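Data block below; observations after.
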Amino acid sequence: MPFRNVFDEALSVWAPIAAAVFFVVSVVLLGAIALNRVKRREKLPFEASKNTPVELGYVVVLGIIVGGLVFGSFLWNSRLHNGVGLAQAQVTTPAARINVTAYRWCWDFNYQAAPVHVTGQCTVGDFPTVVVPAGQPVEFNLTSDDVIHAFWLPDFAVKRDVMPDHVNTLRLVFPHEGRWRGRCSEFCGTHHVTMDFFVRVVSPEQYQQFLHSGGTAV
Ligand SMILES: [Cu+2]
């Protein structure tokens, strides 16, 4: 299948449709407001406020709530962006850098430090397992071969969009050894539901062995 940028259709097809819907809704809404105002003026004089302190208090309380939510969202978002559980992930060189390519319907993992390649069929018994070191910053460079996918590690509450023609970076530190499931969380077609992988977290020594053995020993 020849490669086609997913954004082409978004701009040439969906944006005009969305603009038309927006226009129709706006016209109906503004028309309704205008009609209602004319009717009201006929009946009663417009009264802006009956109890100024209460209404002002309401505005202040709402402002505080909205401000808190916006501030909290920015704070949490930047924490996620900078690497989960570790600000130093930004300043130290990651111990592992892995290029991840999503495609319909599985994952390819390529290690930058050694010619190690991990993939699978994403069927029961053949999910790819990406091996990473514990306690050290790990960097995933995410891109897609076809449509938009999403790289999701539910147990760590991290998720990144995986786009064609673009690389999104995710840095995080896995606190201890273990094995966790990762999933695609962007609906991408027929076998989306089995587009899973495993992250196996091993000691830094085992990780080095894994790299030097070409991806067999762990
Ligand atoms: Cu997918």
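The values are calculated or read from the model by the stated rules, or taken from the named source; none is laboratory data. Computed from a prediction, not measured in an experiment: that's the story for all the values here. Cβ: placed from backbone, ideal geometry, glycine included. Neighbour counts: every protein chain shown.
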Exercise. Please name all residue pairs, on different chains or six or more residues apart, with Cβ atoms under 7 Å, provided the first residue is in the stretch 201-213 and is assigned by TED's automatic domain parsing to the domain that holds V130 and under 22 Å from F156 (Cα atoms) and the second residue is exposed (fewer than 14 other Cβ atoms within 10 Å of the Cβ) and of a type in the set (G, A, S).
Key: V201/G178
Exercise. Find all pairs meeting these conditions: Cβ atoms under 6 angstrom apart; at least six residues apart or on different chains; first residue within the stretch 155-184 and small (G, A, S); second residue within 16 Å of the ligand (Cβ to nearest atom) and modelled with pLDDT of 90 or more.
Key: G182/L153; G182/F197
Practice problem: Please work out which residue is nearest to the ligand (Cβ to nearest atom), limiting yourself to the stretch 165-182 and to residues that are buried (at least 19 other Cβ atoms within 10 Å of the Cβ) and part of a strand (DSSP E or B). | Solution: G182
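So which residues in the stretch 145-158 are surrounded by 13 or more Cβ atoms within 10 Å (Cβ to Cβ), more than 12 Å from the ligand (Cβ to nearest atom) and under 20 Å from H192 (Cβ atoms)? Please lay out each step first, then the result.
Pass one, the stretch 145-158, residues surrounded by 13 or more Cβ atoms within 10 Å (Cβ to Cβ): 145-153, 156, 158.
Still in the running and more than 12 Å from the ligand (Cβ to nearest atom): 153, 156, 158.
Within the stretch 145-158, L153, V158 meet the criteria.
Inspect the stretch 131-139 for any residue being within 16 Å of the ligand (Cβ to nearest atom), crowded, with 19+ Cβ neighbours inside 10 Å and either without any contact (Cβ under 8 Å) to a residue 12 or more places away in the chain or within 24 Å of S203 (Cβ to Cβ) (or both) and give the result as yes or no.
No; the residues of the stretch 131-139 include none that is within 16 Å of the ligand (Cβ to nearest atom), crowded, with 19+ Cβ neighbours inside 10 Å and either without any contact (Cβ under 8 Å) to a residue 12 or more places away in the chain or within 24 Å of S203 (Cβ to Cβ) (or both).
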Practice problem: Exactly one condition in (1) within 11 Å of the ligand (Cβ to nearest atom); (2) part of a loop (DSSP other than H, G, I, E, B); (3) surrounded by fewer than 16 Cβ atoms within 10 Å (Cβ to Cβ) is not met by V124; state its number. | Solution: (1)
